[in-house]
2 protein chains.
Amino acid sequence: MNIVDIIAHKRDGQTLSTEEIRYFITEFTAGRAEDYQAAAWAMAVFMQGMSRQETVDLTLAMADSGDKIDLSDVLPFAVDKHSSGGVGDKTSLVVLPVVSACGVPVAKMSGRGLGHTGGTLDKLESIEGYQVELPMERFKELARKNGIVLAGQTAELAPADKALYAIRDVTATVSSLPLIASSIMSKKIAAGADGIVLDVKTGSGAFMRKVDEARKLAKVMVDIGVDAGRKMVALVSDMNQPLGVAAGLALEVKEAIATLHGEGPKDFHDHCIEVAAYMLLLAPDSGVDDIDAARQKAQQSIDDGSAFAKFRLMVQGQGGNVEQVESPDLLPGASHQRKIGAPRSGYLSKVDALQVGMAVVELGGGRLRKSDPIDHGVGVETLLNVGDKVSAGDTLFVLYANDEEKLETALNRLRNGGFEINDDPVEPYPLFYDVIMGE
Amino acid sequence: MNIVDIIAHKRDGQTLSTEEIRYFITEFTAGRAEDYQAAAWAMAVFMQGMSRQETVDLTLAMADSGDKIDLSDVLPFAVDKHSSGGVGDKTSLVVLPVVSACGVPVAKMSGRGLGHTGGTLDKLESIEGYQVELPMERFKELARKNGIVLAGQTAELAPADKALYAIRDVTATVSSLPLIASSIMSKKIAAGADGIVLDVKTGSGAFMRKVDEARKLAKVMVDIGVDAGRKMVALVSDMNQPLGVAAGLALEVKEAIATLHGEGPKDFHDHCIEVAAYMLLLAPDSGVDDIDAARQKAQQSIDDGSAFAKFRLMVQGQGGNVEQVESPDLLPGASHQRKIGAPRSGYLSKVDALQVGMAVVELGGGRLRKSDPIDHGVGVETLLNVGDKVSAGDTLFVLYANDEEKLETALNRLRNGGFEINDDPVEPYPLFYDVIMGE
């Protein structure tokens, strides 16, 4: 077997064998296949596609390329969630405490933000002292003791995926369904998940602009998980407009805490209940076996305060300042605040998630490069949604800034491309477009 | 303009603009586009193809990526030839003296051999003292003074092509018509050719196995040359069996000298006359304007000894030992000689050029890696051609070796796969399959 032949086979539209895919990934991880060979191979995959079996083989080969986490000694069933990334998507901050409060312990590894989408770790670091980097022993200890832990990735999970992604990013080979799906799933499988709820976003603020593409990606990932012996659900959810009101690090933590108190925006609350309910449905020991019962159980954990208590416990366990959790006003804020009002009456026909996300970046609350510093206090609140009736002067956005120049830049962006108002009534976006169950 | 977009355009089947192609090649040559980006781009080109305009643009961008030779101060019209490479293809050694003797001065840069095909420079170095590396001033001086010079490439011609080829070689993107054609033509154009006769080989010993592929490649190269303002002819010639009798460095020089004396094998002689005639036809000052007159003029230069005199002058000009030209027996020889006889009577249905070429490599007369040493004295003579009637015991091959072990290896190869004998009569191969004239 040799690398050039494997590239040629894929180039010519042949189906690669399990052995060929594993050999390619092994050689690439070891540095014996070159970056330019991976680039040519990725382009061939982009253009020829991959069968279901090839996609599973690639996923498992990448999952096996580095460390693999085994949580079986601390969790009877490791249920995980994955969001494809969006604006205002602070879902993990609410869903994990809810699921844990419902008696299903959770131990999740999350990531940082890049571009217009925020990262869970960055949001958690708004809380003074919160440790996102935990040694594996401590990570497991917290899962065992508290039933909840939410930290960064310490082990070297799926290094082949990391290296391949770095090349795809600069060779126009990112947007290939089998490559995207295997990239996501390889990390989830290496992280030890037994069951996974995928939240695949679609719309202007999502990687997948069109519903059909998102649905296809969701289906491919569910298939991979099922073939790899995992329990799977994928939700296809809207990301044309921001999720909830808050976009920005501390702002989102505040909104998550409000939601855990039963006081969050309805769209975000409903979204969290749905994701949590499917996680409970996957976990064999959750005590629920239909989605309605799961939704009720999730709601109950908010109503009785147990979900908030789990969030507090999580922060405490990871060294965070619980006073800021009790009194979110103590979280980082911003020196400047400015509103954008509706220029005329009508119906909101666009509240552009991508533009809101980019405005947050411009305010300093996101990164364009991994090394960029980040301001936890800034952000944008989006007070109205597509379909809402507005009167001239109604507040559409509130911007929180620590720098006047940045504030002006973000204001200009949102004024010029952040929203549209229609004379005629507009249909609101659904929260979810589809649910794809494994098997 | 950016590299990733250009890769994406080609990936999606768009036609790249002249500016995009030039930008890509400029950035790649300067090291600002990475090898893996060139690899992904090459795979996209492989799979999507290129229009005639794109192929011309790529050729000219690569020709402009390094030094360009201007021969206009020494040659009224620079006529060049290019062979796609074959076994026993010592054509340049005869054709250049013939053309020069016909009053059309020639100044050619040649290459070394790799794999089963020999290189003109290696052959010339069989002659004691022959300098293949000449400073440009000396190269031009010889062209002006003697009307003939045949040396290696000193200037850095088309470095973009060199770098791109190195990547294509290990990413399964070699066999793409526009990439092959632009690679060859970029070097010819950078080398200052005004008119080019392409000798595109097809058959078991050629890069293009099938006649149709060779014809397509020839057509693409002729189109490039015409669009770039060059006068072009392409010949599609047979390389299923070796050209002439001799394959091996000094053996081929001896056969070239014999041919210049009018005593060469008929197939090789006829091949040389044809290539030389088309070169004369391209050159405006050759005094011939139809191919028959050109053939006669070429033949005349052999008959009257003027072509041989030009060969002698070329060797003398480049410091070679002319005694070896006068008495070719003084050229390097071999200590061992062995014949392979026909095992039975019948008609030769195969004399495999690739196997003969590989046997020469095994004897030490060729290279598998650029750094391999080379033995000028060894080689294989192929005494009969496909279609010839043979009796059991007739000599098919004569092997010349300086090492018994290598001799056995080469003998085994040729005995087992070098030829086939049929009971029924077999059609001989034609020398040429097609002639494609520019315009």
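The values are calculated or read from the model by the stated rules, or taken from the named source; none is laboratory data. Model, not experiment: these values are computed from the prediction. Cβ: placed from backbone, ideal geometry, glycine included. Neighbour counts: every protein chain shown. Please note that ligands, DNA and RNA were not included when accessible areas were found on the heavy atoms of the full protein model with its side chains. Shrake-Rupley method; radii C 1.70, N 1.55, O 1.52, S 1.80 Å.
Tabulated results
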{"read-out": "GluC sites (Glu not before Pro) within the stretch A:200-303, DSSP loop, no more than 13 other Cβ atoms inside 10 Å", "value": "A:Glu263"}
{"read-out": "Theoretical gain in end-to-end length, A:Arg369 to A:Thr395 [0.36 nm per residue, Cα-Cα removed]", "value": "6.2 nm"}
{"read-out": "Rounded tilt (10° steps) of A:404-417 against the dominant C-alpha axis of chain A", "value": "80 degrees"}
{"read-out": "Placed amide H near B:Gly244: partners under 5 Å, 5+ positions off or other chain", "value": "B:Phe268"}
{"read-out": "Most mobile of B:Ala228, B:Ala143, B:Ala401 in a GNM of chain B (Cα contacts under 10 Å)", "value": "B:Ala228"}
{"read-out": "Largest-first principal axis extents, alpha carbons of the protein assembly as shown, Å", "value": "110, 57, 44"}
{"read-out": "For B:Gly438, distant residues with modelled amide H under 5 Å away", "value": "B:Met232, B:Val233, B:Ala234"}
{"read-out": "Per-selection Rg to Rh, the stretch B:241-379 - Cα, Kirkwood hydrodynamic radius", "value": "1.02"}
{"read-out": "Residue mean of other protein chain beta carbons inside 10 Å, B:29-42", "value": "5"}
{"read-out": "Cβ neighbours within 10 Å from other chains - mean over A:160-167", "value": "1"}
{"read-out": "Amide H contacts of B:Lys201 (H built 1.01 Å from N, under 5 Å, at least 5 apart or other chain)", "value": "B:Ser84, B:Gly85, B:Ser237"}
{"read-out": "Cα-centred dipole magnitude for chain A, charges only on beta-carbon of K, R (+1) and D, E (-1), debye, nearest 20", "value": "260 debye"}
{"read-out": "Cβ-defined net charge surrounding A:Thr59, 12 Å radius [Lys, Arg +1; Asp, Glu -1]", "value": "-1"}
{"read-out": "Derived scalar couplings ³J(HN,Hα) [the stretch B:12-28; Karplus, 6.51 cos²θ - 1.76 cosθ + 1.60; whole Hz; x for Gly, Pro]", "value": "8, x, 6, 8, 6, 7, 3, 5, 4, 5, 5, 4, 4, 5, 4, 5, 5"}
{"read-out": "Karplus 3J(HN,Hα) series, Hz, for the stretch B:304-311 with 6.51 cos²θ - 1.76 cosθ + 1.60 (x for Gly, Pro)", "value": "8, x, 5, 5, 4, 4, 5, 4"}
{"read-out": "Candidates B:Val211, B:Val236, B:Val351, ranked by Gaussian network fluctuation over chain B, Cα under 10 Å, top entry", "value": "B:Val211"}
{"read-out": "DSSP-defined beta bridges in the protein assembly as shown - what % are antiparallel, rounded to 5", "value": "55 percent"}
{"read-out": "Relative contact order of chain A, pairs being alpha-carbon contacts under 8 Å that are 6 or more residues apart, as %", "value": "20 percent"}
{"read-out": "Label spacing, shortest first and in nm, from A:Leu431 to its equivalents in the remaining copies (7 angstrom along Cα→Cβ)", "value": "8.4"}
{"read-out": "Helix-only mean residue ellipticity at 222 nm for chain B, each DSSP H run of n ≥ 4 adding -39500 (n - 2.57), per residue, nearest 500", "value": "-13500 deg cm²/dmol"}
{"read-out": "Calculated label separations, A:Gly13, copies of the chain, 7 Å along the beta-carbon direction, nm", "value": "1.3"}
{"read-out": "Nearest 10 degrees, 0 to 90: helix B:35-48 Cα axis against chain B principal axis", "value": "80 degrees"}
{"read-out": "For chain A, built as a Gaussian network whose Cα springs stay under 10 Å, the top-fluctuating residue of A:Leu330, A:Leu399, A:Leu150", "value": "A:Leu330"}
{"read-out": "P(r), alpha carbons of the stretch A:333-422 - 5 Å bins starting at zero, rounded %", "value": "3, 16, 26, 23, 16, 10, 5, 2, 0"}
{"read-out": "With DNA, RNA and ligands ignored, accessible area of A:Ile302 (1.4 Å probe; Å², nearest 10)", "value": "10 Å²"}
{"read-out": "Förster radius 51 Å - calculated FRET efficiency between A:Arg415 and A:Glu137, Cβ distance, rounded to 0.05", "value": "0.50"}
{"read-out": "Cleavage-rule hits (GluC sites (Glu not before Pro)) in the stretch A:373-415: DSSP loop, at most 11 neighbouring Cβ within 10 angstrom", "value": "none"}
{"read-out": "Accessible surface, 1.4 Å probe, highest first, among residues A:Thr15, A:Thr120", "value": "A:Thr15, A:Thr120"}
{"read-out": "Loop sites in the stretch B:27-75: GluC sites (Glu not before Pro), DSSP, at most 13 other Cβ within 10 Å", "value": "none"}
{"read-out": "Binned Cα-Cα distance frequencies in chain A - 20 Å width, integer %", "value": "26, 56, 17, 0"}
{"read-out": "Distance (nanometres) between label positions extended 7 Å along Cα→Cβ at A:Glu128 and B:Asp169", "value": "6.3 nm"}
{"read-out": "Beta bridge orientation in chain A: antiparallel %, DSSP, nearest 5", "value": "55 percent"}
{"read-out": "Contour excess over end-to-end distance, with Cα ends at B:Thr18 and B:Leu383 and 0.36 nm allotted per residue", "value": "126.3 nm"}
{"read-out": "Relative contact order of the stretch A:333-422, defined on C-alpha pairs under 8 angstrom at six or more residues apart (%)", "value": "48 percent"}
{"read-out": "Label spacing, shortest first and in nm, from B:Lys145 to its equivalents in the remaining copies (7 angstrom along Cα→Cβ)", "value": "9.1"}
{"read-out": "Cα-centred dipole magnitude for the stretch A:333-422, charges only on beta-carbon of K, R (+1) and D, E (-1), debye, nearest 20", "value": "180 debye"}
{"read-out": "Most to least accessible of A:Met437, A:Met47 (protein chains only, probe 1.4 Å)", "value": "A:Met437, A:Met47"}
{"read-out": "Table column - 3J(HN,Hα) (Hz), the stretch A:242-259, Karplus curve with 6.51, -1.76, 1.60, x for Gly and Pro", "value": "x, 8, x, 9, 8, 10, x, 5, 5, 4, 6, 5, 4, 5, 5, 5, 4, 5"}
{"read-out": "Kirkwood hydrodynamic radius (C-alpha pairs) into Stokes-Einstein, the stretch B:3-49, 4 °C and 1.567 mPa s, D in µm²/s", "value": "125 µm²/s"}
{"read-out": "Cα long-axis angle, helix B:52-63 against chain B (0 to 90 degrees, to the nearest 10)", "value": "80 degrees"}
{"read-out": "Centre separation in Å (Cα based) which lies between the stretch A:166-184 and the stretch B:155-210", "value": "31 Å"}
{"read-out": "Relative contact order (%) - the stretch B:311-385, alpha-carbon pairs under 8 angstrom, separation at least six", "value": "26 percent"}
